[in-house]
Amino acid sequence: MLIRRAASRAALTGALALLGSACGLFPSDPNPPVFGARPEGETIVVRIPLCATDTVRRIDVFDFDDKRETPRTVWWASDPVTPSAKWGVVTLWSGEGFAHHAGTPAAIPEHLDLGYTDPSGDGRGDYLDLPAIRKATLRTGEYWTSDGTRTAEQIDAQLGCHGGK
């Protein structure tokens, strides 16, 4: 499973980040930064690692277990209108903070690939294991990641830039 997640993360990262981000990460990075996630009611709040100069333009969520060449899109949101959405805090399924978004999916797969693009078209992606996220014991301000529990500051610190969100 770890190899499969790494391969999926690498594939999604490569598709979303042909040139990397303003922070200087490239899809060939052997250890791409992990996203954070936490359950909040019927939704999942995701924390995307960003540098202070980066913003989100679009979020895409795909069915990780869909093995077609183009996996099924589960949900998307674009054109953030709030600072938190622009800076990588996204409430999946709600569209909160975005001008445009898909409705709540009828069925949510247990395993997701989530990716974002920034205004230049660059971006990153990561794998989300919803059963593991729901089982995680998290304190206020903490997020589940595939590498263990982290705070928002620790998630941004993976990028090595100064002044994360």
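Listed values, structure above:
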item	result
In order through region 91-106: 3J(HN,Hα) via Karplus (6.51 cos²θ - 1.76 cosθ + 1.60), integer Hz, x for Gly, Pro	9, 4, 6, 9, x, 4, x, 10, 5, 9, 6, 6, x, 4, x, 5
Probe 1.4 Å, all protein chains present, accessible-area order of 135, 86, 67, largest first	135, 67, 86
Longest to shortest principal axis, alpha-carbon extents of region 77-123, angstrom	30, 20, 15
Under 11 Å, Cβ to Cβ, from residue 141 - net charge with Lys/Arg +1 and Asp/Glu -1	+2
Cα-only Debye scattering, region 29-165: base-10 log of I(q)/I(0) at q = 0.13 Å⁻¹	-0.50
Around residue 71: net Lys/Arg minus Asp/Glu count, Cβ-Cβ under 12 Å	-3
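The values are calculated or read from the model by the stated rules, or taken from the named source; none is laboratory data. Quantities reported herein were computed from a predicted structural model and do not represent experimental measurements. Backbone-built Cβ (ideal geometry, glycine too); neighbour counts: all protein chains shown. In case anyone asks, the SASA skips ligands and DNA or RNA and just uses the protein heavy atoms, side chains included. Shrake-Rupley method; radii C 1.70, N 1.55, O 1.52, S 1.80 Å.
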